[in-house]
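Q: Please see the structure below; I have some questions.
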2 protein chains.
Amino acid sequence: MPLIVRPIGMIHSPLEDPAGAPIQPVYADGLTGAVEILEPFAEGLADLEGFDRVWLLYWCHRSAEARMRVVPYRDTRQRGLFATRAPSRPNPIGLSCVRLLRIERNVLHVADLDILDGTPLLDLKPYVPEFDSFPDSRPGWLARPNAPRRRADRRFHDRPGPPQTSA
Amino acid sequence: MPLIVRPIGMIHSPLEDPAGAPIQPVYADGLTGAVEILEPFAEGLADLEGFDRVWLLYWCHRSAEARMRVVPYRDTRQRGLFATRAPSRPNPIGLSCVRLLRIERNVLHVADLDILDGTPLLDLKPYVPEFDSFPDSRPGWLARPNAPRRRADRRFHDRPGPPQTSA
């Protein structure tokens, strides 16, 4: 049963190469970018200002094919894929909580971006602490990561990118 | 540019009708169910035990067509769709943080379920407070919801369901 998704916009980011990109928004050091929403959907942005953060759901368009065991960035040994946030997944849907700086018409200016330039946006949801924040939730093997890595390399990506920037 | 997603499993839930279903996991009063992963993907569940919570990404298969202005369950006036968590979206991808009780082979037993029975699962990610928990993030209009509703009705659903159960 194949299901079809269509991009509702595009993410513009200074991150052109997976290598060196932050692996999560919390490691992005405030990196800023823009989320451009296609015109038919711009009206749906009403009332979004006032939220500090938004969830971006996006298509990891440069990810390699999924494998069920991977060595994640934060470890030195293999883990089950679904116990990791690796971008190579059977459905390569990424999930990032970014800070919303301001909205200009159909463009969201955001910070804490960990997403590659040109990534298709699938959905946008407000971050609601009552629904989404569980500070004491036990984080499994990530309670004691075996690798301190905060930047990606190309292990989950198919295609070589442009030369690595200083990011 | 259409993109194709394929279910990696199915969600089994006592919730058969949108009407009366909790609108978020935090309002589900611990409701339990099972997430069945298709065999080719079962190996990817390794190391997931140890996480208290998991994100489920799923296809809201019974949602109506998206409109860009909606009256959300927690309000009495129209809001921009992307400032709400309504299930009728251009790409009807649902996001729920549920409690992981235990894993038996390819089946996750979970609690705090707000998802309808038979919903196709698209992805499964570990909940990591360092990445996902922002307790002080301002929740826009949801700081003062105009309606106390914690249960859904059929406003975002196309098809009539079976008679409403006691849920």
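The values are calculated or read from the model by the stated rules, or taken from the named source; none is laboratory data. These numbers come from a predicted model, not from an experiment. Virtual Cβ from ideal backbone geometry, glycine too; neighbours counted across all protein chains shown. Each accessible area value is taken on the protein alone, full model and side chains, heavy atoms only, with ligands, DNA and RNA left out. Shrake-Rupley method; radii C 1.70, N 1.55, O 1.52, S 1.80 Å.
Q: Give the long-range amide H neighbours of A:Leu122: residues separated by 5 or more places, or on another chain, with amide H under 5 Å away, using H modelled in the peptide plane at 1.01 Å from N.
A: A:Ile8, A:Leu57, A:Tyr58, A:Trp59
Q: Give me the percent of the accessible area of the protein assembly as shown that comes from carbon and sulfur atoms, probe 1.4 Å, all protein chains in place.
A: 49 percent
Q: In nm, what does the list of distances from A:Arg102 to its counterparts in the other copies look like, shortest first, when each label sits 7 Å along Cα to Cβ?
A: 5.5
Q: Using alpha carbons only, what's the Rg to Rh ratio of the stretch B:24-94 with Rh from Kirkwood?
A: So for the stretch B:24-94, dividing Rg by the Kirkwood Rh gives 1.06.
Q: Now a separate question. Placing +1 on the Cβ of each Lys and Arg and -1 on the Cβ of each Asp and Glu in the stretch B:74-167, which of B:Leu113, B:Asn146, B:Val128 has its Cα farthest towards the positive end of the resulting dipole?
A: Selected residue: B:Asn146.
Q: On to the next question. Give me the inter-chain shielding for B:141-147: mean count of other chain Cβ atoms within 10 Å, whole number please.
A: Per-residue shielding by partner chains comes out at 3.
Q: Determine Rg/Rh for the protein assembly as shown; Rg is computed over alpha-carbon atoms and Rh is the Kirkwood hydrodynamic estimate from the same atoms.
A: We get a ratio of 0.94 for the protein assembly as shown.
Q: Name the long-range amide H neighbours of B:Phe51: under 5 Å, sequence gap of 5 or more, or other chain; modelled H, no Pro or chain starts.
A: Residues meeting the criterion, in which the H sits 1.01 Å from N, are A:Gly140.
Q: Nothing charged except the Cβ atoms of Lys and Arg (+1) and of Asp and Glu (-1): what's the magnitude of the dipole of chain A about its Cα centre? Round to the nearest 20 debye.
A: 1080 debye
Q: If we hang a label 7 Å off Cα along the beta carbon direction at B:Pro14, how far is it from the matching labels on the other copies, in nm, shortest first?
A: 5.2
Q: Closest approach to the B-A rotation axis by any Cβ of B: residue and distance in angstrom?
A: Checking which Cβ lies nearest the axis yields B:Ser133, 2.
Q: Please give the charge dipole size of the protein assembly as shown, origin at the Cα centre, charges +1 on K and R Cβ atoms and -1 on D and E Cβ atoms. Round to the nearest 20 debye.
A: Computed charge dipole of the protein assembly as shown: roughly 40 debye.
Q: Using the Kirkwood radius built from alpha carbon pairs, what does the Stokes-Einstein equation give as D for the stretch B:78-126 at 37 °C and 0.692 mPa s, in µm² per second?
A: 253 µm²/s
Q: Let me ask something additional. Could you calculate the contour length gain from B:Asp117 to B:Asp153, that is, 0.36 nm times the residue separation minus the distance between their Cα atoms, to one decimal place in nm?
A: Full-extension gain reported as 11.4 nm.
Q: May I ask you to report, in nm to one decimal and beginning with the shortest, the distances from A:Pro135 to the same position in the other copies, taking label points 7 Å along Cα-to-Cβ?
A: 0.3
Q: Counting only other chains, what is the mean number of Cβ atoms within 10 angstrom of the Cβ of each residue in peptide A:72-85?
A: Per residue, the average neighbour count from other chains is 5.
Q: While we're looking at this one, here's another question. Can you give the accessible area of B:Tyr27 in Å² (nearest 10), computed on protein heavy atoms with a 1.4 Å probe?
A: 10 Å²
Q: Turning to a different aspect of this structure: Based on the Kirkwood radius over alpha-carbon pairs, what is the Stokes-Einstein translational diffusion coefficient of the stretch B:1-55 at 37 °C with 0.692 mPa s viscosity, in µm²/s?
A: 235 µm²/s
Q: Beta carbons within 10 angstrom, averaged per residue: use that to sort the peptides A:93-104, B:81-92, highest first.
A: Per-residue Cβ counts within 10 Å, averaged per peptide and sorted highest first, yield B:81-92, A:93-104.
Q: Then there is this: Using every pair of alpha-carbon atoms in chain B, split the distances into 10 Å bins beginning at 0 and state the percent of pairs per bin, rounded to integers.
A: Taking all Cα pairs of chain B, the binned fractions are 10, 36, 37, 16, 1 percent.
Q: Looking only at other chains, what is the average number of their beta-carbon atoms within 10 angstrom of each beta-carbon in B:33-44?
A: Taking the mean over all residues of the peptide, I get 3.
Q: Can I ask one more? In debye to the nearest 20, how big a dipole does the stretch B:32-81 give about its Cα centre with +1 on each Lys and Arg Cβ and -1 on each Asp and Glu Cβ?
A: Rounded to the nearest 20 debye, it is 800 debye.
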